[in-house]
């Protein structure tokens, strides 16, 4: 089963420079990985078995930038996939996911050509950090960004740039919670989003989600934009609802 994720917001100008082949048969875990990668502007092809993954790799050798293999796949395992890649001199960087925690198993995975090794108990934050480390190691690191209307988010350093700032162009640093709230609102421009929906997003990011956290983060975001002479695109509506007002750039 191939599961692809593509942008569908007409007002968004997203850059999907890094394409990842994810091979994971656990549907819940695979969905969590795909969701986390999408939030960091990766394009993901997700398959659930090793045989299908190998067909893709054989037919589209230069299509993928990185790969994530589950060790214990049905049929062709992640270990076998990695071995086949290296036997055909394919240098695709591979992050191996596994429940095996013995040092001997880690050595086996690295010996067959995996570039990194991560236990499946990891957080999504750690998984993304490992992928970014692989990008830097192999010169694949680019600046993933999301631009909606007059704001551009930079996923690598948790900053936002406003294109209508009254002062000299600058990157505005955001906390993790501020970044996640703004990113979620920008993902649904001109649509009404409830506070509960945003809190659920923060829970997925392993962040606290008390009843006041959304309003607190929105106030902080507004203040940072105002302090830099920028317009405020976040509208607060009755009933703890919010809307990101997106206007096309002139």
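The values are calculated or read from the model by the stated rules, or taken from the named source; none is laboratory data. Here the structure is a predicted model, which means the values were calculated and not measured. Cβ placement follows ideal geometry from the backbone for every residue including glycine, while neighbour counts extend to all protein chains displayed.
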**OP:** List the strands (runs of 3 or more DSSP E) that sit entirely inside the range 103-191 and contain at least 3 residues that are farther than 19 Å from residue 224 by Cα and at pLDDT 80 or above.
**Re:** 116-119
Original post:
Is it fair to say residue 73 is touching a helix residue (DSSP H, G or I) at 6+ places or on another chain (Cβ under 9 Å), closer than 13 Å to residue 21 by Cβ and part of a loop (DSSP other than H, G, I, E, B)?
Top reply: yes
**OP:** Please work out if residue 95 is free of Cβ contacts under 8 Å to residues at least 60 places away in the same chain, buried (at least 17 other Cβ atoms within 10 Å of the Cβ), within 17 Å of the chain's Cα centre (by Cα) and more than 29 Å from residue 244 (Cα to Cα).
**Re:** yes
Original post:
If we scan the range 6-28, do we find a residue that is part of a helix (DSSP H, G or I) and either surrounded by 15 or more Cβ atoms within 10 Å (Cβ to Cβ) or at pLDDT 90 or above (or both)?
Top reply: yes
